[in-house]
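**Student:** Input: one structure, supplied below.
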Amino acid sequence: MITLPTMTVKIGTSFRVLDVVAVFIFTWSLIHLAHLVRRRARTTPLKGPPSNSLIFGFPEILMSADVYESWAAQYGPVFQVPSLLGTSRILLCDPKAIAHFYARDTTTYILTPLANFMTCMLVGKRNLLTSHGDGYKRLRKSVTPAFTVAAIRTLLPIFYDSVYKTKVAWDNILENSHGPDGAIIDVQEWMNRISLDTIGIAGFSHDFASLDGKKSTVATVFEEIGNTKPSPAFAYILVLAHLFPALLRLPSPRTRLTEMLNDSMGTISKELLEKTRKENEGALEGEHDDSIIGLLIKAGNRDSEVHMSEDEVLAQMKLLLLAGYETTSIASTWALFELCKDQEAQTKLREELSQIHGDPTWDQLSSGLPYLDAVVHEILRLHPPIPETTRMAIEDDVVPLSNPVFTPSSPHPVTNLSFLVARSSPSLSPPY
């Protein structure tokens, strides 16, 4: 009889963390590859630029409006761009395709995981941007009355008041300048003030008084974000965040400023909410507050048809404050910049406006000032505050086209494109 020595194998903690990570990445890659093969088999192939990298494809940090324009001229009004790990982004520059895209926004097309994560970091969950389907319809219904023509018409005096305050301030600066070259005015800073005061009064019945020299925490944080240059490492983290959005929570100056912005907007929103609630309690019976904050408070009542929780109310306030402040400021700054460059256009616009005595009425602004309308549209075309809309499709779709296009797999032009887009991220680029 032969007795073999007993062998004891100690597993313990020999299963390293890196092994777990490797298994996870391998499994995820296989699943992702299966979805990719299935999608490509049922999706209309499109022309587009070649991939720069097997891992990164064509990183968004290298893209710009000029690049998109050259690609649209080379590959057609609808093309695809290689993205991370073999995925692709579909860019639409065709008017009919764009109209189809927007008609199905929040139903067929929703925010990408990265955009969703970043928006929630800024304003909180369950807001108008990150919601879709019935949830989006409920939130939108609660604030729609504040954006009707009748409601906006009543806000014109608020806009004019901000403009006149700025004019008086600039006149004082110029009068008090004694240098040979006059005075230097930071237009961007003043447009920030106009935007903040206007959205504060028009949307939330609150005067931030930044045009009077009062400092606002929100404006200060925005300025810090604009002055903070992202590090090279952050650029690559942003690319990888398309797959792992939680990477954006890694400590960095921008992460700290984002948290500060969220906190400051939250504090302001809570203060405005409580202030308006107390004011509405003393309102006469039959009076209605149709401002944004008034409608949100109404939606927060338990017996409201579109009931919203306290967190939802605050999320909408922060989102509307953020959207109304930055986009208006950027567009106004570019408008003044372009008019300064083009003296002929500036003179023509001044002549059209000088024909009106007093402040333009709503009817005059909407149809009686064609050159002003053209200037506004051209500024938004050249310098859109939001240059593109990126969405992820959650169901298959057939996108119609204005004009037929040739595809790599078809000898004849096609009038629509079929996409199995459950795992892709089609994005909308501005038409050229």
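The values are calculated or read from the model by the stated rules, or taken from the named source; none is laboratory data. Just so you know, these numbers come straight off a predicted model, no measurement behind them. Backbone-built Cβ (ideal geometry, glycine too); neighbour counts: all protein chains shown. Just the protein is used for accessible areas: all its heavy atoms, side chains included, with ligands, DNA and RNA removed. Shrake-Rupley method; radii C 1.70, N 1.55, O 1.52, S 1.80 Å.
**Student:** Conditions first: (1) at pLDDT 85 or above; (2) open to solvent by less than 30 Å² (accessible area, probe 1.4 Å). Residue 124 passes all but one, so which condition is the exception?
**Tutor:** Going through (1) at pLDDT 85 or above; (2) open to solvent by less than 30 Å² (accessible area, probe 1.4 Å) one by one, residue 124 breaks only (1).
**Student:** Ok, one more. Name the residue that is most open to solvent (accessible area, probe 1.4 Å), counting only residues in the stretch 236-284 that are among the small types (Gly, Ala, Ser) and in a helix (DSSP H, G or I).
**Tutor:** Within the stretch 236-284, the match that is most open to solvent (accessible area, probe 1.4 Å) is 246.
Residue-wise test of (1) free of Cβ contacts under 8 Å to residues at least 24 places away in the same chain; (2) under 18 Å from residue 300 (Cα atoms).
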{"residue": "121", "(1), (2)": "no, no"}
{"residue": "134", "(1), (2)": "yes, yes"}
{"residue": "141", "(1), (2)": "no, yes"}
{"residue": "163", "(1), (2)": "no, no"}
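**Student:** Filter the stretch 359-383 down to residues that are among the hydroxyl-bearing types (Ser, Thr, Tyr) and part of a helix (DSSP H, G or I) and give me whichever is most open to solvent (accessible area, probe 1.4 Å).
**Tutor:** The residue in question is 367.
**Student:** I'd like to know if the stretch 305-324 contains one or more residues that are in the same structural domain as residue 149 (by the TED database), more than 21 Å from residue 196 (Cβ to Cβ) and open to solvent by 90 Å² or more (accessible area, probe 1.4 Å).
**Tutor:** Yes, the stretch 305-324 contains a residue that is in the same structural domain as residue 149 (by the TED database), more than 21 Å from residue 196 (Cβ to Cβ) and open to solvent by 90 Å² or more (accessible area, probe 1.4 Å).
Conditions tested, residue by residue: (1) assigned to a helix (DSSP H, G or I); (2) surrounded by 14 or more Cβ atoms within 10 Å (Cβ to Cβ); (3) touching a His at 6+ places or on another chain (Cβ under 9 Å).
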{"residue": "333", "(1), (2), (3)": "yes, yes, yes"}
{"residue": "338", "(1), (2), (3)": "yes, yes, yes"}
{"residue": "353", "(1), (2), (3)": "yes, no, no"}
{"residue": "357", "(1), (2), (3)": "no, no, no"}
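Yes/no matrix, rows are residues, columns are (1) at pLDDT below 90; (2) outside the structural domain of residue 276 (by the TED database); (3) part of a helix (DSSP H, G or I):
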residue	(1), (2), (3)
167	no, no, yes
170	no, no, yes
174	yes, no, yes
178	yes, no, no
183	yes, no, no
189	yes, no, yes
193	no, no, yes
